[in-house]
Structure formats: structure tokens, C-alpha cells
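**Student:** I'd like to ask you about the structure that follows.
Values quoted throughout were computed directly from the atomic coordinates according to the rules given, and no laboratory measurement underlies them. Small disclaimer: the values here were computed from a predicted structure and weren't measured. Cβ placement follows ideal geometry from the backbone for every residue including glycine, while neighbour counts extend to all protein chains displayed.
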Amino acid sequence: MLKGFRDFIMKGNVVDLAVAVVMGTAFGAVVNSLVANILMPLIAALFGSPNFDSFALVTLNGNAIKFGVFLTVLVNFILVAAAIYFAVVVPMNHIIARRNAKLGITEEEAAEDPQIVLLTEIRDSLRSRQ
């Protein structure tokens, strides 16, 4: 029983997953810092407030409906997504494309779906009979 547990823990997938979680957590701190310390102050400079919490505050039967809080979270999400895209995805795609060009690797065209090929042949055959 302990041997099975040891084998499970020592599998590459578990170790890779653990490393990914730790790296993801560390990278999340970097992205959150970028958003909180650089992007949100820029928004505050443009709009006069670092958040939209007091925007569109509606009280209905004594209950506060906080559209602004939702808007702040939505803007934070968009900023995090933009930071990840422009700081990680675009440079990585560029690096991969340069590496592939240097190594002479070209992307293979996706094979056509056999059903599409068959339907195209049937259509062409029906057209030729007319």
C-alpha cells in the first residue's frame, strides 16, 4: 500500500502539477501587482478614482445594489487578462515563431475531415450528372 502511494507521488505528472501550481501562484502575484500598482493607478489618474465602487449605487427596499463594485471587478479581470495576453502570450508566440523559423519548422496544415471530403465528392458527382 505504501509502495503504491510512493509510486503515485513520484510520477512525473504529480511533480509537474505541483511545480505548475507553485509557479502559477508566483506568477499570479506578479500579474496582480502589475494591475494593482501600475494599471489601476493609471485608471485612477484618468477617472479620478482607483475603483468604481460608488458608481451606480442603487438602494431598493433597504438593500444596496452595487453595480459599481461589479464594474470594478470586471475592469480588474479585463486588466489581468490584458496583462497576461500582452506580457506573456504575445511575446511567447513571437519567441516560438522565431525559434520555429530558425529551426525550419513549419506548421502542418490540418487534415481535412473525412466526412467533409466525402460530402464534397458527393456534391461534385451530383453536379457533374446534371
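**Student:** Counting each DSSP H run of 4 or more residues in the chain as -39500 (n - 2.57), what helix-only mean residue ellipticity at 222 nm follows after dividing by all residues, to the nearest 500 deg cm²/dmol?
**Tutor:** -22000 deg cm²/dmol
**Student:** Quick one: what are the phi-derived ³J(HN,Hα) couplings along segment 88-97, Karplus 6.51/-1.76/1.60 with θ = phi - 60°, whole Hz, x for glycine and proline?
**Tutor:** 10, 5, 4, x, 5, 4, 5, 5, 5, 5
**Student:** Considering only 100, 37, 13, give the residue with the highest GNM mean-square fluctuation for the chain, with springs between Cα atoms whenever their separation is below 10 Å.
**Tutor:** Maximum among the listed residues: 13.
**Student:** Follow-up. Using the Karplus equation 6.51 cos²θ - 1.76 cosθ + 1.60 (θ = phi - 60°), what ³J(HN,Hα) coupling, rounded to whole Hz, does each residue of segment 80-87 give in order, writing x for Gly and Pro?
**Tutor:** With coefficients 6.51, -1.76 and 1.60, one gets 5, 4, 5, 4, 5, 5, 7, 8 Hz.
**Student:** For the chain, build the charge dipole from Cβ charges (+1 Lys, Arg; -1 Asp, Glu) around the Cα centre, then report which of 10, 56, 92 sits farthest towards its positive end.
**Tutor:** 10
**Student:** For the chain, modelled as a Gaussian network with Cα springs under 10 Å, which listed residue fluctuates most, 32, 76, 93?
**Tutor:** Residue with maximal mean-square fluctuation among 32, 76, 93: 93.
**Student:** What is the dipole size for segment 60-116, taken about its Cα centre, with +1 at each Lys and Arg Cβ and -1 at each Asp and Glu Cβ, in debye to the nearest 20?
**Tutor:** 540
**Student:** Moving on to the next point. Give me the dipole magnitude in Debye, nearest 20, for segment 2-108 about the Cα centre, with unit charges on the beta carbon: positive for Lys and Arg, negative for Asp and Glu.
**Tutor:** Values: 7 positive and 5 negative charges, 59 e Å.
The calculated dipole for segment 2-108 is roughly 280 debye.
**Student:** OK, next. Checking the a/c ratio against 1.5 first, then a/b against b/c, what shape does the Cα gyration tensor give for segment 2-108? Provide the component values of the computation, followed by the final result.
**Tutor:** Numbers: a/c = 3.25, a/b = 1.58, b/c = 2.05.
Because a/c hits 1.5 or more and a/b fails to exceed b/c, segment 2-108 counts as oblate.
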